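The values are calculated or read from the model by the stated rules, or taken from the named source; none is laboratory data. The model shown is predicted, which means the values in this text are computed figures rather than measured ones. With ideal geometry, Cβ positions are generated from the backbone for all residues, glycine too; neighbour counts draw on all protein chains shown. The protein model used for the area step is the full one, side chains on, heavy atoms only, and it has no ligands, DNA or RNA in it. Shrake-Rupley method; radii C 1.70, N 1.55, O 1.52, S 1.80 Å.
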Amino acid sequence: MLFLEPFGVTDEGKVRANNEDALLVGEGRDETLFAVADGIGGFEAGEVASSIAIEVLKELEPGASFEAAIRKANRRILAVGRGDERFSGMGTTLVAVRFGGTQEEPAAQIAHVGDSRAYLLRGGDLRPLTEDHSLVAELVRSGDLTRDQAAEHPQKNLITRALGAEEEVEVDTAVLPVEAGDRFLLCSDGLSDMVPEGRILEILADSPDDPETPARNLLSAALDAGGVDNVTVVVVDVKEQVPREERSSGTREMPAVGRSGDRSSATGRPPAREPSERESTRSRGSKARRRKGDGLGKFVRGLAAVLVVVIALTPAYLWGSSRYFLGLEYGEVVAYRGLPYAPLGLELNEEWRRTDVEKSEVKTPYRGPIENHKLYTQDEIERVLRDLGK
Ligand code: MG
């Protein structure tokens with residue numbers, strides 16, 4: 001029989017005044033559930049979003065659907081954001097692991113949204129268990145950037161998925177077999193941005209006996225490297241059962257909960273979305289290149305320069321994914337989702353809808369907005385599309 005020994009630590013870092021990260025270290029109804037959430041949003045909004053995510057997970061009953069709980073957290077964050085202007089636009093990343101399976105085949109289920117990460121240290125190797133939902137990670141998957149280049153990229157904090165961003169959230173899940181000696185790490189980007197993976201591996205491998213020492217050492221390494229963001233680290237050790245009296249107090253048994261009812265596959269990662277992601281990244285790039293022939297107005301170029309700075313300074317923000325604008329492609333009006341510019345070659349939009357409306361058919365009031373790539377919400381752009389042509 002296996003049991004778990006966890007330790008979690010969080011710190012606001014050396015630059016930020018508050019800590020928008022939140023963590024769960026087995027204190028929920030399901031004691032085998034561990035999570036890290038990294039909040040997004042100004043003032044205290046990010047803190048609210050990440051703590052809502054953790055509160056919802058705390059309520060999760062053992063065996064109940066993991067993904068459903070994460071979707072519920074998404075809806076709750078959206079609802080609170082809509083009900084209170086101070087929290088409008090808040091969001092959070094989430095990475096969580098839950099242990100279960102059967103006594104013969106113990107397993108860990110991983111779920112994540114955004115760029116908080118999970119790793120597994122096994123047999124001296126550090127295996128990433130999550131792929132960031134971020135623009136640079138998409139570029140790594142498409143072969144346009146190496147992992148090392150991505151780690152240095154100025155737009156590395158731009159995430160493409162978060163809880164609280166949209167009505168529905170897509171959650172990546174994976175199930176993997178667990179064995180004694182496994183060490184799991186969950187962390188926010190305040191660790192993974194500051195400490196290279198090679199160093200994370202060394203620190204985890206250096207103190208095999210208890211999870212507290214490596215967790216504290218990882219935090220110190222992030223702070224020593226500058227600590228520019230909030231840092232959260234959860235280390236969970238999977239150990240072989242020893243007589244009860246020898247065990248330290250913070251441990252918990254892994255119940256054999258059987259299948260959780262989630263839709264994840266029972267072996268390794270679920271069927272990867274990689275091929276389609278790769279395709280869409282490629283095709284988006286080529287579309288965007290064609291569109292450049294239509295030219296971005298001077299105004300848009302000026303705006304782009306401002307927005308690049310804003311985005312560079314805004315941690316993990318995906319405001320653009322819920323914005324729409326119109327452009328022309330070979331004389332036809334096309335609606336795009338995202339933002340009408342490409343900082344450092346990173347396209348921040350994709351084709352959303354074609355209109356069959358020719359440039360010459362566009363009603364006068366809409367000509368300027370098309371030229372200037374005016375930004376709309378989805379409701380607004382749907383109204384505009386209905387009224388666009390003669
Ligand atoms: Mg962060």
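Brief remarks on what is shown
- The residue of the stretch 169-193 that is nearest to Val36 (Cα to Cα), among those that are open to solvent by 40 Å² or more (accessible area, probe 1.4 Å) and within 24 Å of the chain's Cα centre (by Cα), is Asp193.
- Members of the stretch 370-390 found to be open to solvent by less than 20 Å² (accessible area, probe 1.4 Å) and part of a helix (DSSP H, G or I), listed by number: Ile370, Ile381, Val384
- Restricting the stretch 177-205 to residues that are among the charged types (D, E, K, R) and out of contact with any strand residue (DSSP E or B) (no Cβ under 9 Å at 6 or more places or on another chain), the residue that is farthest from the ligand (Cβ to nearest atom): Glu202
- Per-region count, the stretch 206-230, residues closer than 20 Å to Thr93 by Cβ, open to solvent by less than 30 Å² (accessible area, probe 1.4 Å) and within 16 Å of the ligand (Cβ to nearest atom): 6
- Residue check for Gln155: over 13 Å from the mean Cα position of the chain (by Cα) and within 16 Å of the ligand (Cβ to nearest atom): yes
- Residue ranges of helices (runs of 4 or more DSSP H) in the stretch 132-244 with at least 3 members assigned by TED's automatic domain parsing to the domain that holds Glu67 and within 21 Å of Glu47 (Cα to Cα): 189-192, 212-224
- Restricting the stretch 56-80 to residues that are open to solvent by less than 10 Å² (accessible area, probe 1.4 Å) and touching a residue at least 40 places away in the same chain (Cβ under 8 Å) leaves a set whose member that is farthest from the ligand (Cβ to nearest atom) is Phe66.
- Residue count for the stretch 90-122, restricted to those that are over 18 Å from the mean Cα position of the chain (by Cα) and within 14 Å of the ligand (Cβ to nearest atom): 0
- You will find that of Ala53, Ala22, Ala45, Ala17, the residue that is surrounded by fewer than 20 Cβ atoms within 10 Å (Cβ to Cβ), assigned by TED's automatic domain parsing to the domain that holds Asp132, within 16 Å of the ligand (Cβ to nearest atom) and among the small types (Gly, Ala, Ser) is Ala17 and no other.
- Residue that is surrounded by fewer than 17 Cβ atoms within 10 Å (Cβ to Cβ), assigned by TED's automatic domain parsing to the domain that holds Ala45, away from the ligand (no atom under 15 Å from the Cβ) and farther than 23 Å from Asp21 by Cα, where the choices are Asp84, Asp125: Asp125
- Breaking point among (1) touching a helix residue (DSSP H, G or I) at 6+ places or on another chain (Cβ under 8 Å); (2) closer than 30 Å to Glu44 by Cα; (3) at pLDDT 65 or above; (4) surrounded by 12 or more Cβ atoms within 10 Å (Cβ to Cβ), for Glu351: (2)
- Sole exception among (1) more than 16 Å from the ligand (Cβ to nearest atom); (2) touching a residue at least 12 places away in the same chain (Cβ under 8 Å); (3) open to solvent by 20 Å² or more (accessible area, probe 1.4 Å) for Asp11, by number: (1)
- Filter result for Asp144 (within 15 Å of the ligand (Cβ to nearest atom), over 21 Å from Lys72 (Cβ atoms) and either touching a residue at least 40 places away in the same chain (Cβ under 8 Å) or open to solvent by 10 Å² or more (accessible area, probe 1.4 Å) (or both)): no
- Each residue in the stretch 94-131 was checked for being in a strand (DSSP E or B) and closer than 19 Å to Thr173 by Cβ, and 22 of them qualify.
- Taken together, the residues in the stretch 9-53 that are at positive phi and within 17 Å of the chain's Cα centre (by Cα) amount to 1.
- The set of residues from the stretch 96-107 being within 19 Å of Glu59 (Cα to Cα) and either of a type outside the set (Phe, Trp, Tyr) or free of Cβ contacts under 8 Å to residues at least 40 places away in the same chain (or both) comprises Ala96, Val97, Arg98, Gly100.
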